[in-house]
Amino acid sequence: MIDVVFCVQDDPSLEDYNVPAMVTQFVRAVDEQAGWFLGSNGSTAYGGDVMLTMGTDFTYGAAPYWYDQIDRLVRHVNAAEGSRMNVFYSTPAAYLDAKRGNPDMRWPLKRGDFFPYRWTPHQYWTGYFTSRPTLKAFIRRGGEFLRAAKSLAAIVSLQKSHADSPAVPWEGAFGPLTEAMAIAQHHDAVSGTAKQHVTDDYAARIARGVDGLEGHFIRTLTAALGGTAASQTPPPSDAAIATRCPLLNVSACPVTEAMEPGDTVATMAYNPLAWTRVEHVRIPLSAAAARRVVVVDAGSGERVPAAVFPSGEPAPLSGSASSQLAFSVTLPPLSVSTFFVRSLGKDEPDVEGLAEAAEETLDISQTRGGPVSVSVDEQTGALSVEFVVSAGFNLTASVNAAYYTSHDGDDGFVPSGAYVFRPDSSQTATALVPSSPPRAFVSRVLAETRVSLGRWTSVAVRVWTDDPIPHAEVEWTVGPIPVELDGAGKEVIMRYSTGLDTRGTWATDSNGRDMQRRRRNHRDDWRFKNVTEEPVASNYYPFGSVATLTGDARAGFHLLTDRSQGVGSIRDGELEAMVHRRNLHDDWLGVGEPMNETQCGCIECDCPGLTARGTHLLAATTPATGPRTYRTLQTMSQTPTQLAFAKVHGILGSSGWGNPRASFSSTREMPRNVHVVSIERMPKNECAGAACVKVVLAHLFESEGCVGHDAALSAPAKVDLSSLLPGRAIASVEELTLSGTPLGPLDAVVILEAMEIRAAKVTFA
């Protein structure tokens, strides 16, 4: 790219005629670009073709002007340099075709990425990895819901009982949210580097898309469950209109919060994952409803173990419930299951399986002897999670919150802002200390510890009993970040310290796929010289899913996030993830305003700063079993169960509580190294009058020698597409590119190599 704003004035009668100068400038740029390509003899060679790309921010607003200028430049360069240079419009595909035809070209292979990016001194673009954390989470939740709604509609609409039923809107229902999610992928959207009013527009578009799709999703859920039952207790499909509760992360769900003794709420759970999973559910209840409550599997009529916990500290926009009901359920692959939550009326006798009241204690011994336990330092309130890694080794990870003070740029260099992360000159993070005694609760279902850190940060650590994948869940709540007293921005981190001998190494995922090796103060492609300039920011990398500590033969420690964030290992045995940030200065890179988010959605309003809440998952394993643990947790967390709630009528113990039609499943279990990324009905005009779906499959593990290699699960995977919908016969399978371009016929049994992604059009008979 020639990063200049140019104007070719080719009228010789005008004083600013500049054709010779512009031609010279252009030729020099081309010669410099060509110098990067070496022939087989090591000499500088054009290789026949040089590509110059067009594009830069805040430019190209008037296409006719730009193309007129480029047309002039092309014409004059070809006239002056036609003997050795021919300039013309082209495409990347044509450029690569030309390069492949040049026998003198050598093709270097780069395996790593280009992070972190540094432009000028002290200017590391590592802040945007975290900027606008609530928008990042909202975009991810929107994408998760869209994929789940599409897969459910595809599966249900292809059942013979619902074929092309208007009750199952599989065509035309997804447009608004699909468009909103596409717009949100812009490099100034999900990155968090747009102006505040533009950010608000992104969020509003996603919200409208989610709201518009919710009704379609609910109707598909109820259609999957089979309609009206001739029993005393109607299934949830005949209840009042169900609703999703998108604010469950702040314990807000109007349907369950309104429960009173004698009420029953149906919880419908759609598992969009093609694996059987154990789902952990927490829903808010009033104190009255929580006194005597029972959870029933609506399909079998069996009681589900449950526990009642007091709600944590109130959060902005949170509901009014004083209690939380917690329970775990097993969900088949690509299934809908229903569970009844019943608050017993005052005249109803106790029944078997009442939810227990969690016991408050500082001794979290409930998990002692299990693979994961939590401890609290009674003097400092510090939290630690202990993992049983092997017969001879336990790993303890301390859980801490801290913040870096943002540099204000008073030294003439760039301040910390939307793009740039730059701590002040101390380069140290200030620890946040407990402001009140921690609270810990234990039950047969769940152990939970909570600690408040000052008036603006809190942490809760949860360990679910008998979890098939032992791990800890860390819920952080940060905000409003205070800036009024010291006039300084702050970058808040969660730090996990393990004591592992990691020798300066760790790894992070690349867009949720292959793991990239990282080494402190080191770059594989060039000599890293700026060790002392920004020792923290220069060692931050993006992680959208997984970060893992490597280098210790005893264990690996794995950190998973629910949104994209920045992460670093500033000291051996530690991982720190930036979870929230608030800056008071613009970093001069195009936003034009500080990254100072408030709850009012404006930066000059007299209202509190933005509060963010999110979740980290922690796990520790032997080095050999790390990939299968974090890949499974990652896939489950990024394909979350979608819940809906509806108030129903009925009395516990009646025949209607066990109704087979309260559940739905139509697929067979996929191999654990394969993820069904999406299943989507294709338009009728692409199916030749039949029914067809687009299926995207992904192999989850890497090949030998890579960080994410597993001795068993990295092997090629075999997927029988007929198992996705075993009730329908397949007429044909055609392989597609990920964008939908046909590639040719494909066998119904698909083979996936390590890290491979394949898409197919499946047409049914």
With the structure loaded, tell me whether LEU713 is of a type outside the set (Gly, Ala, Ser) and either touching a Ser or Thr at 6+ places or on another chain (Cβ under 9 Å) or not in a loop (DSSP other than H, G, I, E, B) (or both) or whether it fails that test. no
Checked pairs for the range 55-76, first of a type in the set (Ser, Thr, Tyr), second in a helix (DSSP H, G or I), C-beta under 9 Å and 6 or more apart or across chains, list as THR59/TRP66; TYR60/TRP66
Within the range 669-680, restricting to residues that are outside any strand (DSSP E or B) and charged (D, E, K, R), the one that is surrounded by the fewest Cβ atoms within 10 Å (Cβ to Cβ) is GLU669
Over the range 351-389, the set of residues within 30 Å of the chain's Cα centre (by Cα), at pLDDT below 90 and polar (S, T, N, Q) is THR367, SER373, SER375
Only one of GLU735, GLU756, GLU704 is within 25 Å of the chain's Cα centre (by Cα) and acidic (Asp, Glu), namely GLU756
The number of residues in the range 681-701 that are under 21 Å from LEU273 (Cβ atoms) and either in contact with a Gly (Cβ under 8 Å, 6 or more places away or on another chain) or buried (at least 18 other Cβ atoms within 10 Å of the Cβ) (or both) is 9
Screening ALA447, ALA418, ALA401, ALA440 for residues that are modelled with pLDDT under 90, crowded, with 22+ Cβ neighbours inside 10 Å, among the hydrophobic types (A, V, I, L, M, F, W, C) and not assigned by TED's automatic domain parsing to the domain that holds SER328 leaves only ALA440
Per the filter on the range 235-249, residues at pLDDT below 85 and surrounded by fewer than 18 Cβ atoms within 10 Å (Cβ to Cβ) are ASP238, ALA240, ILE241
Take the conditions assigned by TED's automatic domain parsing to the domain that holds ARG582, of a type in the set (Gly, Ala, Ser) and in contact (Cβ under 8 Å) with a residue 40 or more places away in the chain and apply them to SER435. Does it pass? no
Within the range 436-448, residues over 12 Å from VAL459 (Cβ atoms) and of a type outside the set (Phe, Trp, Tyr) come out as SER436, PRO437, ALA440, VAL442, SER443, ARG444, VAL445, LEU446, ALA447
How many residues of the range 563-590 are assigned to a loop (DSSP other than H, G, I, E, B) and in contact with a helix residue (DSSP H, G or I) (Cβ under 9 Å, 6 or more places away or on another chain)? The answer is 4
So the strands (runs of 3 or more DSSP E) completely within the range 249-311 holding 1 or more residues that are of a type in the set (Gly, Ala, Ser) are 264-271, 306-310
Residue count, the range 273-306, condition in contact with a Ser or Thr (Cβ under 7 Å, 6 or more places away or on another chain), surrounded by fewer than 17 Cβ atoms within 10 Å (Cβ to Cβ) and touching a residue at least 40 places away in the same chain (Cβ under 8 Å), comes to 3
Considering the range 716-765, residues that are in contact with a His (Cβ under 7 Å, 6 or more places away or on another chain) and outside any strand (DSSP E or B), and then whichever is surrounded by the most Cβ atoms within 10 Å (Cβ to Cβ), we arrive at ALA754
Of the residues in the range 29-48 that are part of a loop (DSSP other than H, G, I, E, B) and either under 40 Å from the mean Cα position of the chain (by Cα) or closer than 17 Å to LEU73 by Cβ (or both), the one that is modelled with the lowest pLDDT is PHE37
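The values are calculated or read from the model by the stated rules, or taken from the named source; none is laboratory data. Since we're looking at a predicted model, the values are computed, not measured. Note that each Cβ is placed from the backbone with ideal geometry, even for glycine, and that neighbours are counted across all protein chains shown.
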